[in-house]
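What follows is one structure encoded as structure tokens, with my remarks underneath.
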Amino acid sequence: MSIIREAYDLVKSLEHNELRYVSWYLKLRNTDTEKNDVVLFSILADISVFDELTIDQQLSKHPSLKKFTASSVSRLIKAVLKALRAFREENSIELKLRNMLEDDSILKERLINGTREKLLNKLYNKSYKYELYDVLLEVLDRQILMYLSSKSDDALIHEKLAVLDTIRKERDYFAKLQLLYYKYFTIYRMGIPLSQEQMEQYEAAFTVLQEEYRNFDKAFFIGNLYLSAACMLQLLIGNKAMVYQLRHEQVQWWDANPHMIEYRLINYKMVLANYLVASFEIGNFHSFPGTLKKLRELPVLSLDDEGEVFQNVAFLELLLYMNQSRFKEALALVPGIETGLQKYAHKVNDARRMAFAYNIMILYFELADYEHCIEWIQKVRLFKTAHRSDIQARVFMIELAAHSSLSNTLILESLLRNTRRRFQKENRFSDFEAGLFKRFRALVLAQPDQRTKNLDNLHAFLEEYHSDVKGEVSYCREELLRWTARLKSTKGKPR
């Protein structure tokens, strides 16, 4: 990638507040070279689609620039990064505290001890409030050394030493808990199968930390991480009810500490989203509307943050309406979802985009809008990803039903051949899929006098077959049952 393209991408990545701040920051500088940075920055900010020829044409209007060079672009990138550092310094607690530590070092060199003591006390209170262990330990070290050199009261020194010991223990416990959480998370995300012996080892490792937790259960981030690790363990075990209970406790933990919500707003949004997912998994929709409303109304910090909120709120709201058979309300969400998927394309990964497309496909199928259903089937097929193989493998069920409803005979014959050939070749037919395919084929190829009988056979199969080989509810079973019921009510005639 060329350096001018990287500069363009950097400028275009700026949020509205950042863009305004960087522009103001660059304009404050006075030399001719620095003024050129402002011109180049403005050109890149104004161009909607990257094109080097357009940039050359714009630069030619400025005698001092005429043509961009690698050095001028590199200088602009450095200036933008410097401006962003200044912007973050004004908005980051951690950076503010780090700068206060620098101020303390200056005061120490100049022996300004009264002001220094007040500054360290302020640093201690701030870092303790937000549980910033590294800063807090540094502050305590400096306070203890200052008290020793000034021959302060021994009781004060012992008090600080006791706090130092406690904070170090908390930090060490947090590190052990964090390591175990990452192990659980990696196993869960990658779908790594665990033997009974391995599962018992992971449970035992958590039990050890659980015993220690009672010594640190007042620390906010330790409590939050403890609940997260406990959730991941229960996800590995498959105990959805316990996951819901722990996620609920985690929301309450954050709600009891509003200053931490303000400090770590993005983390709080993730906690709310995880709670909604856990609620959905056990079919508890009682608190869904209120939690969705809370998540939607929280302040948006950046385009990335906005995209994260979009994909969580829109996805869960769509699932809520569909699971409550509120299909028309779900349909009203589709235009906004399509717009959001384009706007936040950089944020929403292929697995989530595929899940959106799949659920919208199911929505149109439930509404008997088979033309739109088939359009979304094609969108699901566009994704070339290793994720969500369950969706990729089983879309054929809905596709066969949709084409059957539209009496697309030639397409159906081709679909039947290709589907059976592909699944047999890949050895991916489960018992449920094989039985379903067999009865679909019989229904599609049936003579008119046999159609009702074959439809009844398919309907009965769906009613009796409650679970697939993995013990999960058979994919699309409920949707297909409603479809066969619709066909039966119209005497088996396609639409």
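Read the figures in this text as sums done on the coordinates, not as results from a lab. Note that the structure is predicted; figures quoted are calculated from it, not measured. Glycine also receives a Cβ, built like all others from the backbone with ideal geometry; neighbour counts cover every protein chain displayed.
The length gained by stretching the chain between residue 112 and residue 169 to full extension, at 0.36 nm per residue less their Cα-Cα distance, is 17.3 nm. Using the Cβ-Cβ distance between residue 103 and residue 488 with R0 set to 60 Å, the FRET efficiency works out to roughly 0.15. Between the beta carbons of residue 342 and residue 159, assuming R0 = 41 Å, the FRET efficiency works out to 0.10 to the nearest 0.05.
State the percent of C-alpha pairs, over all pairs in the range 278-333, separated by a distance greater than 13 angstrom. That tail contains 62 percent of the Cα-Cα pairs. What would the Debye equation give as log₁₀ I(q)/I(0) for the range 94-152 at q = 0.22, 0.24 Å⁻¹, counting only Cα atoms as equal point scatterers? Those come out to -0.81, -0.96, one per q. Model label points for residue 261 and residue 16, set 7 angstrom from Cα along the Cα-to-Cβ axis, are 2.3 nm apart. Mind giving me the FRET efficiency for residue 61 and residue 302? R0 is 30 Å, r the Cβ-Cβ distance, nearest 0.05 is fine. The value I calculate is 0.35.
Using 0.36 nm per residue and subtracting the Cα-Cα separation, the extra length available between residue 125 and residue 196 on full extension is 20.9 nm.
Anything over 19 Å Cα to Cα? Flag those among 12/96; 129/218; 35/82; 169/218; 183/269; 269/294, in the order listed. Too far apart for the 19 Å limit: 12/96; 183/269. Extension gain for residue 442-residue 211 works out to 77.1 nm (0.36 nm per residue, less the C-alpha to C-alpha distance). Counting only Cα atoms, the chain measures 101, 71, 40 Å along its principal axes, largest extent leading.
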